[in-house]
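Down below is the structure, laid out as structure tokens.
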Amino acid sequence: MRQFLLFLLFAGQLPAAAPATLFGKVMCGYQGWFATPTDGSNLGWVHYGFNKPGQCHIDLWPDVSELDADERFDTPLKLADGTTAQVYSSAHPKTVHRHFEWMHEHGIDGVFLQRFGTVLKDKRFRAHHDTVLQHIRDSAKAAGRTWCVMYDLSGMKSGELESVIMQDWKRLRTELRILDDPTYQRHAGKPVVAVWGIGFNDGRDYTLDESHALLRFLHDNPEFGKLTVMAGVPWQWRTLDGDAVRDPKLHEVLKSADIISPWAVGRYGSPADAKRRISAVHEADAKWCREHGQDYLPVVFPGFSWRNLSKMRGVDAPLNAIPRLGGGFLWSQAHQRIAGGSSMLYVAMFDELDEGTAIFKTTSEVPIGVEGFVSEPELKSDHYLWLTGMIGKALRREIPLTPQAPIRH
């Protein structure tokens, strides 16, 4: 079946946004975590950080120029002309729908909707997650895009993978009935669910045994499983060093997954560095996956910056730590992966402003009074949406794969 789908894909007979397979798709991570004091969520400022004068913790500023008045929310900050700087809320259905319209316009296939385990423990924040999830469902259907759930285990405590994650998935299946959606992403004949955060060596409280139990539940449980399970793992998952735990049990755990997706953000910082590091792991990673009957989903990202967020935490991190280079950095990774035989890609992220990895529309008209924001005034605000769409075309062999990024005319 895998070879048949690949044949159809590269023969041009399988629509890119069809939810039946991840082959030929460029999917984005979608955080959906932004909230404001007046958006009806009753959460205040979430992931913007406007809690003290002159303070915020995003390094990219969203372009809200296309948003209607009811989608724009005033912040405590001012633009250079004295007008109030505005942002958006993920709780607003029109804005999420607009994001999916942008995906449709630029040929981006869909999203892995992030669902953070730590906030699911608070009913107020879980309600916000549920609201955004419903917006995603409606928007994907309207825009002809696909979506699926990705659980982020960061910050979870021992015992919570069962009491929080498994129980939440049961609720999504039985109460919200998400798998009834015709746009819910499938792969290898089954719905896709992703679990991010397995095998990292950063002092996580949950164990490999607990991670294994979660993967087996999603993969094998006769009522709530029978899914295609993606595992988000450390960059050095295969060699068990660097950012990965030094425990061979990790490989046994990962045999319960169907797709392996190593985390790349921050693992290299320039096109030359990306080429060197990707070349060092790609072939061997993909070979390991093939030998174990699994697919390989590489992660690419446009750049990185968390100056404002780190400053709030008392850490002096540089602005624009990994420069975007007008898209050259993102394209260099995609080129390397596609040339190495990748049949699917994950772009981190669609809407991540905190760490400066967003590909959606941002602006160079940024507030004053905050130390700084990453901006590229020479580019159109939708440049990274366009470039991500071009990566999809290169992946599907609709345009030639060139070492340098295509030029937009």
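The values are calculated or read from the model by the stated rules, or taken from the named source; none is laboratory data. Only a predicted model underlies this, so the values are computations on that prediction, with no experimental measurement involved. When we count neighbours, we look across all protein chains shown, and the Cβ atoms used for this are built from the backbone with ideal geometry, even at glycine. Areas reflect the complete protein model, heavy atoms only, side chains present, ligands, DNA and RNA absent. Shrake-Rupley method; radii C 1.70, N 1.55, O 1.52, S 1.80 Å.
Where in region 254-366 are there helices (runs of 4 or more DSSP H), lying fully within it, with 2 or more residues that are at pLDDT 95 or above? Before you say what the answer is, go through the steps one by one.
Working: elements: 271-291, 307-312, 328-339.
Result: 271-291, 328-339.
Go through region 362-381 and give me each residue that's open to solvent by 20 Å² or more (accessible area, probe 1.4 Å) and within 27 Å of Gly110 (Cβ to Cβ).
Thr362, Thr363, Glu376, Leu379, Lys380, Ser381
With respect to Thr131, determine if the residue is out of contact with any helix residue (DSSP H, G or I) (no Cβ under 9 Å at 6 or more places or on another chain) and β-branched (Val, Ile, Thr).
no
Could you give me the residue pairs with C-beta distances under 7 Å whose first residue belongs to region 65-93 and is closer than 30 Å to Ser139 by Cα, whose second residue is among the basic types (Lys, Arg) and open to solvent by 60 Å² or more (accessible area, probe 1.4 Å) wherever it lies, and which are 6+ apart or on separate chains?
Asp68/Lys94; Glu71/Lys94; Thr84/Lys78; Ala85/Lys78; Gln86/Arg72; Tyr88/Arg72
Among all residue pairs at least 6 apart or on different chains, which show Cβ distances below 7 Å where the first residue, located in region 310-321, is over 15 Å from Val374 (Cα atoms) and the second is surrounded by 10 or more Cβ atoms within 10 Å (Cβ to Cβ) and modelled with pLDDT of 90 or more?
Once the first residue is over 15 Å from Val374 (Cα atoms) and sits in region 310-321, its partners that are surrounded by 10 or more Cβ atoms within 10 Å (Cβ to Cβ) and modelled with pLDDT of 90 or more give Met312/Gly49; Met312/His57.
Is region 277-297 home to any residue that is farther than 28 Å from Trp147 by Cβ, open to solvent by less than 30 Å² (accessible area, probe 1.4 Å) and aliphatic (A, V, I, L, M)?
Yes, there is a match, as at least one residue in region 277-297 is farther than 28 Å from Trp147 by Cβ, open to solvent by less than 30 Å² (accessible area, probe 1.4 Å) and aliphatic (A, V, I, L, M).
Given the criterion touching a residue at least 60 places away in the same chain (Cβ under 8 Å) and over 21 Å from His383 (Cα atoms), identify the matching residue among Arg307, Arg290.
On inspection, the qualifying residue turns out to be Arg307.
Residue under question is His335, and the condition is that it be in contact (Cβ under 8 Å) with a residue 40 or more places away in the chain and open to solvent by 20 Å² or more (accessible area, probe 1.4 Å); does it hold?
Against the criterion (in contact (Cβ under 8 Å) with a residue 40 or more places away in the chain and open to solvent by 20 Å² or more (accessible area, probe 1.4 Å)), His335 qualifies.
Kindly provide the set of residues from region 226-259 that are under 23 Å from the mean Cα position of the chain (by Cα) and under 17 Å from Cys148 (Cβ atoms), ordered by number.
Hits for region 226-259 are Leu227, Thr228, Val229, Met230, Ala231, Gly232, Ala257, Asp258, Ile259.
Could you please give the count of residues in region 257-267 that are touching a helix residue (DSSP H, G or I) at 6+ places or on another chain (Cβ under 7 Å) and open to solvent by 20 Å² or more (accessible area, probe 1.4 Å)?
Count: 1.
Under 7 Å by Cβ, and 6 or more places apart or on different chains, what pairs join a residue from region 381-398 that is touching a residue at least 12 places away in the same chain (Cβ under 8 Å) and closer than 13 Å to Ile338 by Cα with one that is open to solvent by 10 Å² or more (accessible area, probe 1.4 Å) and in a loop (DSSP other than H, G, I, E, B)?
Hits for this filter: Met390/Ile399; Met390/Pro406; Gly392/Ala16; Gly392/Gly107; Lys393/Gly107; Lys393/Ile399; Ala394/Leu401; Arg396/Ala16.
Return the residue satisfying two criteria in turn: it lies in region 382-409 and is loosely packed, with under 12 Cβ neighbours inside 10 Å, of a type outside the set (Val, Ile, Thr) and at pLDDT 95 or above, and of such residues it is nearest to Pro76 (Cα to Cα).
By that ranking, first place goes to Gln404.
Inside region 231-247, can you point out the residues that are crowded, with 17+ Cβ neighbours inside 10 Å and on the phi > 0 side of the Ramachandran plot? Walk me through how you get there before you give the answer.
Kept after step one, since they are crowded, with 17+ Cβ neighbours inside 10 Å, are these residues of region 231-247: 231-238, 240, 243-245.
Within region 231-247, Leu240 is the sole residue that qualifies.
Is at least one residue of region 159-166 surrounded by fewer than 18 Cβ atoms within 10 Å (Cβ to Cβ), touching a residue at least 12 places away in the same chain (Cβ under 8 Å) and of a type in the set (Gly, Ala, Ser)?
Checked region 159-166: at least one residue is surrounded by fewer than 18 Cβ atoms within 10 Å (Cβ to Cβ), touching a residue at least 12 places away in the same chain (Cβ under 8 Å) and of a type in the set (Gly, Ala, Ser).
Which residue pairs have Cβ atoms closer than 8 Å, lie 6 or more positions apart in sequence or on different chains, and pair a first residue in region 352-371 that is farther than 14 Å from Tyr384 by Cβ with a second residue that is assigned to a loop (DSSP other than H, G, I, E, B) and of a type in the set (Ser, Thr, Tyr)?
Listed pairs, sorted by first residue: Glu355/Ser305; Val366/Ser375.
Hey, can you tell me all the residues within region 157-192 that are in contact with a helix residue (DSSP H, G or I) (Cβ under 9 Å, 6 or more places away or on another chain) and among the acidic types (Asp, Glu)?
Glu160, Glu162, Asp168, Asp181
Keeping to region 171-181, report how many residues are open to solvent by 60 Å² or more (accessible area, probe 1.4 Å) and in contact (Cβ under 8 Å) with a residue 12 or more places away in the chain.
Residues in region 171-181 being open to solvent by 60 Å² or more (accessible area, probe 1.4 Å) and in contact (Cβ under 8 Å) with a residue 12 or more places away in the chain: 0 in total.
Find the strands (runs of 3 or more DSSP E) located wholly in region 43-127 whose residues include 3 or more that are loosely packed, with under 15 Cβ neighbours inside 10 Å, in contact with a Lys or Arg (Cβ under 7 Å, 6 or more places away or on another chain) and of a type in the set (Phe, Trp, Tyr), and list them.
By residue number, no strands (runs of 3 or more DSSP E) qualify.
Checking the conditions here, which among Ala284, Ala264, Ala280, Ala274 is on the phi < 0 side of the Ramachandran plot, without any contact (Cβ under 8 Å) to a residue 12 or more places away in the chain, out of contact with any Pro (no Cβ under 6 Å at 6 or more places or on another chain) and among the small types (Gly, Ala, Ser)?
Ala280
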